[in-house]
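Some notes on the structure that comes next.
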Amino acid sequence: MSRPPLPPGSTIGILGGGQLGRMLAMAAAQLGYRCHIYAPEKDSVAADVAAGFTCAGWHDKAAMAEFAARCAVVTYEFENVPVAPLAAFAGGQLAPGVAALEVAQDRLREKRFAVQQGGTPAPFAPVDHVNDMEAALRLVGIPGIMKTRRDGYDGKGQWKIASSLDVQGLRVPESGLVYEGLVHFAAEFSVILVRAHDGEVCFWDSTHNTHEHGVLAHSVLPAPAIVTAQVDEARTLAARMAAELQYVGVMTAEFFATSAGPVFNEMAPRVHNSGHWTIEGAVTSQFENHVRAICGLPLGDTASVAPRMVMDNLIGAEALDLARHLADPRAHLHLYGKAEARAGRKMGHVTRVG
Ligand code: AMP
């Protein structure tokens, strides 16, 4: 189903106040829209570049209702927004919808959903109670990774299990854990797609992603042959998941390229760090196409503008070394405006095209 294009000057609401919201707001401004940020933290790097800001808790009903009344369309840049308060939005006002959030917020549900859509995740078993640990380890095998079902990101809420002794003393939170086998992969990559209201889907090229301490460090094009050989299969799964969720906007699915084919890791119902290179490296960036999709505008071309691209994340204090980042006159530096360069914190990124 298509929707009439949202007229320029309309207000887009963004739930979440981080750097993804900031880059969405900048893309929206270019298309003549205004953005209003809703976030519980008063320091919001998205609000710094937006027309309006509501600083309130997710469960503040009055603030959420007022925000809903201000915005023609509402999107999110953070997948752990609680679902219940989103009832404040009228049918179709929230894009992507609640279904994508519900799947992405729960690792167990996400893996089961990927299996239903024909995908292959790492072998996994739920751990709802301490007594389930032993059976899960036996079923999946060791080594593996124990992960919280909810609220994990960037490698947080994860424990490597190299022997059965490693689970001793591990607490099981109320929302449970999921134990998954350690995947021996040749490379990691993501499929980033944009889906319009009418079901049209476009993909960006898949980069080779490398992580350090569980955090994305680099995204590089071209990806190695093992990745390019598996991209079509991974795209088919990602597009099926998006269609089933009646998804509108940019969606990301992360994969391990293994000798047995692509292994699904997780999905993000939003623009993604491994797609930041698209700002300068693609005809239309992931941020612009997300805005176009949710506003009912025609999608832009997702083709890469050059065959070679490198995006380096700037983590912690290294972001402050401007002279080094700008020594290469072709480097595109993005700083997110975060006040404090704490260790491990994503402060910005640098993209080199060609
Ligand atoms: P995640 O938060 O699940 O994306 O995990 C962060 C990173 O940890 C991934 O990008 C991988 O580098 C690594 N990782 C997570 N799960 C596995 C697994 N089952 N096998 C091997 N590496 C993993």
*For segment 115-152, what are the residues that are more than 13 Å from the ligand (Cβ to nearest atom) and crowded, with 16+ Cβ neighbours inside 10 Å?*
GLN117, GLY119, PRO126, VAL127, ASP132, MET133, ALA136, LEU137
*Qualifying residue in segment 333-342 (condition: aromatic (Phe, Trp, Tyr) and farther than 30 Å from GLY92 by Cα)*: yes
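Table: residues versus (1) modelled with pLDDT of 95 or more; (2) out of contact with any strand residue (DSSP E or B) (no Cβ under 7 Å at 6 or more places or on another chain); (3) polar (S, T, N, Q).
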residue	(1), (2), (3)
VAL74	yes, no, no
ALA84	yes, yes, no
ALA90	no, yes, no
GLN93	yes, no, yes
VAL98	yes, yes, no
ALA104	yes, no, no
PHE113	yes, yes, no
*Under the condition of being out of contact with any helix residue (DSSP H, G or I) (no Cβ under 8 Å at 6 or more places or on another chain) and of a type outside the set (A, V, I, L, M), which residue from segment 296-308 is farthest from the ligand (Cβ to nearest atom)?*
GLY296
*For segment 48-61, does any single residue satisfy the condition of being over 16 Å from TYR336 (Cα atoms), buried (at least 16 other Cβ atoms within 10 Å of the Cβ) and of a type in the set (S, T, N, Q)?*
yes
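Can you tell me how many residues in segment 47-99 are in a strand (DSSP E or B) and at positive phi?
The qualifying residues number 0.
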*ALA104 passes all but one of (1) crowded, with 20+ Cβ neighbours inside 10 Å; (2) more than 16 Å from the ligand (Cβ to nearest atom); (3) within 21 Å of ALA293 (Cα to Cα); (4) among the hydrophobic types (A, V, I, L, M, F, W, C); which number fails?*
(2)
*Qualifying positions in segment 154-169 - within 16 Å of the ligand (Cβ to nearest atom) and either free of Cβ contacts under 8 Å to residues at least 12 places away in the same chain or surrounded by 14 or more Cβ atoms within 10 Å (Cβ to Cβ) (or both)*: ASP154, GLY155, GLY157, GLN158, TRP159, ILE161, ASP166, VAL167
*Output yes when any residue across segment 177-193 is more than 9 Å from the ligand (Cβ to nearest atom), touching a helix residue (DSSP H, G or I) at 6+ places or on another chain (Cβ under 9 Å) and more than 30 Å from VAL250 (Cα to Cα), and no when none is.*
no
*Out of curiosity, is THR54 under 22 Å from the mean Cα position of the chain (by Cα) and polar (S, T, N, Q)?*
no
*Among the helices (runs of 4 or more DSSP H) confined wholly to segment 214-286, which include 3 or more residues that are farther than 26 Å from LEU314 by Cα, more than 16 Å from the ligand (Cβ to nearest atom) and among the charged types (D, E, K, R)?*
231-244
*With (1) of a type outside the set (A, V, I, L, M); (2) assigned to a strand (DSSP E or B); (3) out of contact with any Gly (no Cβ under 7 Å at 6 or more places or on another chain) as the list, and PRO329 as the residue in question, which single condition is left unmet?*
(2)
_Any chance ASP151 is modelled with pLDDT of 95 or more and either out of contact with any helix residue (DSSP H, G or I) (no Cβ under 8 Å at 6 or more places or on another chain) or under 16 Å from SER175 (Cβ atoms) (or both)_ = no
*Go through (1) within 10 Å of the ligand (Cβ to nearest atom); (2) within 21 Å of THR148 (Cβ to Cβ) one by one and return the number of the condition VAL172 breaks.*
(1)
*asked:* Among the residues that make up segment 306-325, is at least one of them part of a loop (DSSP other than H, G, I, E, B), at pLDDT 95 or above and surrounded by 14 or more Cβ atoms within 10 Å (Cβ to Cβ)?
replied: no
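The values are calculated or read from the model by the stated rules, or taken from the named source; none is laboratory data. From a predicted model like this one, the values you see are computed outputs, not experimental measurements. So basically every Cβ, Gly included, is an ideal-geometry build from the backbone, and we count neighbours across all protein chains shown.
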